[in-house]
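Written below as structure tokens is the structure these notes are about.
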Amino acid sequence: MYGIILETFPGQISLTKFLKSIHMKTKLLLLFAAIFVSAASMAQFHLGIKGGANITKVDGKSFKDEFRYGYHLGGFAEIRMGNKFVLQPEVLFNQYATRLDSSFKNVYQDVFDGNSNIKLNYISIPIVLNYKLIGSFLSLQAGPQFGILIDQSRTTLQNGADAFKKGDFSMLAGLNFKVGPMRINGRYAIGLNNISDITDDNKWNSQGFQLSVGLAL
């Protein structure tokens with residue numbers, strides 16, 4: 001009998017990480033589709049587009065304690081669920097910006113190219129529930145947001161390891177104003193998980209505000 005020797009190569013490790021990333025993205029998209037289809041089948045709904053500004057920061061000893069500006073673009077659906085509630089799933093391209101603290105090099109010596117400005121690009125899937133406070137004009141909204149990191153240009157270390165995790169989970173709360181087909185909303189987002197993929201005790205959490213204008217089609 002001949003023995004079989006299996007060897008693990010770096011390419012195989014990268015392929016495994018890639019397949020795991022694709023699996024996570026597929027699960028999130030299927031969850032979004034299932035909620036949308038099931039709710040839309042029994043309620044009135046509208047589709048729309050939206051965009052606006054992100055004012056965010058990353059909390060952690062490696063980052064400056066300041067808010068930076070980014071933006072978001074995408075689409076949303078409004079699914080009426082009774083007289084008081086409206087389910088609002090969205091798919092957004094979200095860009096968050098942050099800046100490294102001047103002492104960052106004393107913490108991690110192998111940061112890629114030493115760039116102090118970092119931009120994180122996510123595909124985000126918020127699923128918020130609107131509760132009508134004043135007719136259809138003003139609503140209180142809250143719900144979770146799932147984020148998938150898609151841009152690694154400023155998030156890798158010189159040794160090829162990822163500095164940021166592929167996914168982010170946040171909770172949202174805010175107000176939504178409805179004026180005819182126009183939607184104006186402001187939200188606060190707080191990250192619940194550690195987005196650092198570096199194995200040390202330094203935790204990174206995102207937080208910030210999102211201001212947007214939308215148009216129901």
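Readers should treat all values here as calculations from the given coordinates under stated rules, not as data from a laboratory. Owing to the predicted nature of the structure, the values given are computational and were not obtained by experimental measurement. Positions of Cβ are backbone-derived with ideal geometry, glycine not excepted, and every protein chain shown enters the neighbour counts.
Tabulated values for the structure
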read-out	value
Most to least packed among 119-130, 78-89 [average Cβ atoms within 10 Å]	119-130, 78-89
Residues with amide H under 5 Å from that of residue 204, placed H, sequence gap 5 or more	195, 196
